[in-house]
Amino acid sequence: MTRAAILLAVVLAAFSSVTVSAETPRIAIIIDDLGYQLAAGRRAIALPGPVSFAILPGAPRTHALATSATKSGKEVLLHLPMQASIDDVNAEPVSMTLDMSRQSFAATFDVAMAAVPGAVGVNNHRGSLSTRHPGYMQWLMEEIHARDSLFFIDSYTTHESVALQLAAETGVDAIKRDVFLDTDPAPDTIRREFDRLKSLAKLRGAAVGIGHPYATTLAFLEAELPKLAEQGFKLVTISELVTN
């Protein structure tokens, strides 16, 4: 056998030993803004599969819904209110604002964490002003880093957010939202955005969608989540995407 033939045989053998396998695209879904409506919250928690729930601190149903979600084996996030670019006339009872001192910031974060039992991560409620502020995000990441295994999800309410950069610099596991499913809760909009979420998951291997406990959103997800596996997707917890 000639040298060229030997080389060709080696190359062919190497290729024949390689098994090509495409990883199943993964999708994580978070339902935000839980804590006020008990019935809607319970319906959300009953969604099929490992959907995660972001619960507001200080809301009247927060403790009950966080406890219920944890007992149901679902992941709970602290949905931390942060300052937006436009003043919010409906301010939350526990909120992080830019005029806080470092000490006040830490104390308020402690209160927020204690209000949502079982929280495994944090994501921002509003925060289009706060998440653009490097010093403020540094404080937040230091608080998160001080708590073992806690991670951060940037709801990405502004493309100017520096949250992921500061998370990386502080050693905090973090990821950002890819799609809001229901900025307009009309069924056609939800379907369009859900399809976009699936397209991004196919393109990138994984994607994160955020929805809200609207009746239209919950009805859509109740019908569509069970179909994901047969469509070639894997619904996963948000912590799986963050830590990987």
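Summary of computed values
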read-out	value
Cut-off 13 Å between beta-carbons: net charge of the residues surrounding R192, Lys and Arg +1, Asp and Glu -1	-3
Segment 65-143 - charge dipole about Cα centre, Lys and Arg +1 at Cβ, Asp and Glu -1, debye rounded to 20	220
Separation in nanometres of the label points that stand 7 Å from Cα toward Cβ, at S149 and Y36	3.2
Helical contribution to [θ] at 222 nm, DSSP H n ≥ 4, -39,500 (n - 2.57), averaged over the chain, rounded to 500	-12500 deg cm²/dmol
Point-to-point label distance, E222-E240, nm (Cα→Cβ direction, 7 Å offset)	2.4
Volume in Å³ per residue [convex hull over Cα atoms, computed for segment 130-244]	117
Computed Kirkwood radius, in angstrom, where 1/r is averaged over Cα pairs of segment 22-243	17.4
Reach of K227 by Cα under 23 Å, taken over lysines that are not fewer than 8 positions away in the same chain	K74, K198, K202
Farthest toward positive dipole pole in segment 22-243 [+1 Lys/Arg, -1 Asp/Glu at C-beta], among S239, I27, V179	I27
Computed magnitude of the charge dipole of segment 146-244 (debye, nearest 20; Cβ of K, R +1, Cβ of D, E -1)	260
Size of electric dipole in the chain: Cβ of Lys, Arg +1 and of Asp, Glu -1, about Cα centre, debye, nearest 20	780
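Every read-out reported here was derived from the displayed coordinates using simple, explicitly stated rules and does not represent laboratory data. A quick note: this is a predicted structure, and the numbers were derived from the prediction, not measured. Because the Cβ atoms are built from the backbone with ideal geometry, glycine has one as well, and the counts that use them run over all protein chains shown.
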